[in-house]
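Below is one structure, written out as structure tokens, with a few remarks after it.
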Amino acid sequence: MPLITAEQKDVFIKVIADNSALYHLSSVDLVTLKKYTGFNEDASRAMLEYMQERGLISDYNDYRVELAYVVKIDLHDFIQSGGFTMREVLYDVQLKRMQLEIDKLLLDLKPDHLDTANKIAGVVSGTMSVFQAYLAGR
């Protein structure tokens with residue numbers, strides 16, 4: 001199964017939020033979820049479990065063809081703050097900021113600490129490259 005992108009997760013949580021009352025038991029059938037999100041049964045179940053683990057919903061129950069849950073206000077807050085897509089953007093910004101700080105640190109360091117700092121900079125640079133490649137490949 002291909003990775004679920006941040007954009008796909010955002011579509012899923014928006015469908016759940018738009019079709020559920022806050023703090024009331026809600027349910028959705030797997031056919032409807034697939035129609036509106038494109039998620040298969042396993043991905044839909046995994047997303048709701050993930051949402052519960054993150055505190056976005058509670059009381060998740062799987063009744064085979066229908067999934068029940070309670071939407072919490074945290075889900076609405078998460079969506080309003082940009083959801084999964086914004087979270088990835090923030091990760092990217094934080095990594096770039098860290099790289100800039102390390103570059104500045106390299107300029108300010110004494111020669112006897114430069115080797116250690118270069119190793120740290122290499123690790124951060126590699127991490128940034130992998131993450132940026134992931135974001136670009138989605």
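Just so it is clear, none of the values below were taken in a lab; they were calculated from the coordinates. These figures come from a predicted structure and were not determined experimentally. Here Cβ is always computed from backbone atoms with ideal geometry, including for glycine, and neighbour counts include all displayed protein chains.
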Here the Kirkwood hydrodynamic radius of segment 83-137, Cα-based and in Å, equals 12.1
Report the Cα-based extents of the chain along its three principal axes, largest first, to the nearest Å. 64, 30, 19
Length-normalised contact order of segment 29-117 in % [C-alpha pairs under 8 Å, at least 6 apart]: 16
For segment 6-80, what is the convex hull (Cα atoms) projected area averaged across all directions, in square nanometres? 4.2
Exceeding the 20 Å Cα-Cα cut-off - candidates K14/K96; K14/K35; K14/K34; K35/K72: K14/K96; K35/K72
Give me the extension gain from D42 to S125: residue separation times 0.36 nm, minus the current Cα-Cα distance, reported in nm with one decimal. 26.4 nm
Using unit Cβ charges (K, R positive; D, E negative) and no other charged atoms, how large, in debye to the nearest 20, is the dipole of the chain about its Cα centre? 220
